[in-house]
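Reading through the C-alpha cells given below for one structure.
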Amino acid sequence: MGRMLIWAVLLTAGSATGNYLAADREAVAGVAREIVCYCGTCSNQSVQDCTCGTASAARQEIGRRLDDGETPASILEFYQQRYGEQILIVPGKTGFNLVAWITPFLVLLFGATGLLWALLRLTRSASGRPAPVPSPPHGLITDKKTMKKLERELREIED
C-alpha cells in the first residue's frame, strides 16, 4: 500500500509540474514546434526547442489551452493574431508568402531551362559546321595544271 501511495504522489507531481496532462505532451510539442520563441534572445528557435523562461511559459500556456479543449489550429491562430504571422516557424502559403514559396522553384526551373538551351545551342553550332579543310603543308603543289604535268612526266619515266 505504501509503494502505491508513493507512485501516486510521484505521478501526480510529474503532471503538476507541467500544468497540463501527460497525455497531451505530444500535442503540446506539436504546437510548440510551429511557433517561434518570442523572447528576443533566442535565434529563431521554436518554443519547443528553446530553453528560456518565455518558451517554458508558452509551452505551459499551450498545454492549458489544450486541456481547456482548444484545438492546435485555434492555438496557432491565437498566437498569430497576438504576435503576427512572423510568430509561425513556417509562413502560410497565401498572399505575398506564396511568392516566397514559389520563387525558388521558378529560379531552378528557369536556370535549368537556360542551361539546357545553352548546351543545345553549343552542340548544334559545333555539329552544324562543315569540317575545316586543312591548309596544305608548305611546299606541296596544289595547282591542277602542274599536277597533271608531273603525273605525265612520272608515267614517261616509268615506261
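For segment 53-98, place one equal point scatterer on every Cα, skip the solvent, and apply the Debye formula. What is log10 of I(q)/I(0) at q = 0.13, 0.22 Å⁻¹?
Relative scattering, expressed as log10 I(q)/I(0), comes to -0.34, -0.82.
How much length, in nm to one decimal, is gained on full extension between residue 80 and residue 145, taken as 0.36 nm per residue of separation minus their Cα-Cα distance?
Extra length available between residue 80 and residue 145 comes to 14.0 nm.
So how do 61-68, 75-82 stack up, highest first, on mean other-Cβ count within 10 Å?
The most tightly packed comes first, giving 61-68, 75-82.
Translational diffusion coefficient, Stokes-Einstein: compute it for segment 22-87 using the Kirkwood radius over C-alpha pairs as Rh, at 4 °C and 1.567 mPa s, and state it as an integer in µm² s⁻¹.
D = 111 µm²/s.
By how many nm would the segment from residue 152 to residue 106 grow when fully extended, if each residue of separation counts as 0.36 nm and the alpha-carbon distance is taken off?
Gain on stretching residue 152 to residue 106: 9.3 nm.
Between residue 51 and residue 89, what is the spin-label point distance in nm, taking each point 7 Å from the Cα along the Cα→C-beta axis?
If labels sit at residue 51 and residue 89, their model points lie 1.8 nm apart.
For segment 22-87, what is the relative contact order in percent, using Cα pairs closer than 8 Å and at least 6 residues apart in sequence?
Averaging sequence separation for qualifying contacts and normalising by length gives 34 percent for segment 22-87.
On a full-extension model of 0.36 nm per residue, what is the gain between residue 159 and residue 113, subtracting their alpha-carbon distance, rounded to one decimal in nm?
Between residue 159 and residue 113, full extension yields 9.7 nm more.
Read-outs: derived from the displayed coordinates by stated rules, not from any lab. Treat the numbers as computed from the prediction; the structure is a model and nothing was measured. Positions of Cβ are generated from backbone atoms using ideal geometry, with glycine treated the same way; all protein chains shown enter the neighbour counts.
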